[in-house]
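Notes to accompany the following structure.
The values are calculated or read from the model by the stated rules, or taken from the named source; none is laboratory data. A quick note: this is a predicted structure, and the numbers were derived from the prediction, not measured. Glycine also receives a Cβ, built like all others from the backbone with ideal geometry; neighbour counts cover every protein chain displayed.
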Amino acid sequence: MPAPRFTVTLRSANPARTRCDAVVVGLMSTTKGVVVAEGGEDVAKAYGRKLRPLLVTMGATGKAGEVLRVPGGDATSAGLVVFVGLGTLVRCLGGGGGDGRNRRA
């Protein structure tokens, strides 16, 4: 039996408003808990104050390799939101070649 075929499309539009089967959002762990990685701000904003309790209820840690699947529901136009753990957030605060951007440890 041949493997199922699918298409991956990358877009620069607001991921919370884009009609699609799934949106992937990165999560990173910090000393204060889990945070949405850069690029996922629009999805986090769409969920509003419901996002943190949702992630806590699901046991999200942001640990590298973690995968949480959540129905898109009313928050997004996507049928599914996939939260993916990226690891520990490290902030580079200048000096030593740091450019102030977030980095994964």
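Restricting attention to the range 76-105, which residues are at positive phi and modelled with pLDDT under 55?
94, 95, 96, 97, 100
I'd like the full set of residues that are of a type outside the set (Gly, Ala, Ser), buried (at least 18 other Cβ atoms within 10 Å of the Cβ) and not in a strand (DSSP E or B), limited to the range 64-92.
Selection gives 66, 76.
Going by the structure shown, is residue 61 touching a Leu at 6+ places or on another chain (Cβ under 9 Å) and part of a loop (DSSP other than H, G, I, E, B)?
Here the answer is yes, as residue 61 does meet what is asked.
Filter the range 37-86 down to residues that are hydrophobic (A, V, I, L, M, F, W, C), farther than 21 Å from residue 19 by Cβ and without any contact (Cβ under 8 Å) to a residue 60 or more places away in the chain, then give me how many there are.
Residues meeting the conditions: 8.
Filter the range 1-33 down to the residues that are within 27 Å of residue 90 (Cβ to Cβ) and free of Cβ contacts under 8 Å to residues at least 40 places away in the same chain, then identify the one that is surrounded by the fewest Cβ atoms within 10 Å (Cβ to Cβ).
10
Find the residue count for the range 6-58, including only residues that are within 12 Å of the chain's Cα centre (by Cα), in a strand (DSSP E or B) and farther than 18 Å from residue 78 by Cβ.
Going through the range 6-58 one residue at a time, the tally reaches 4.
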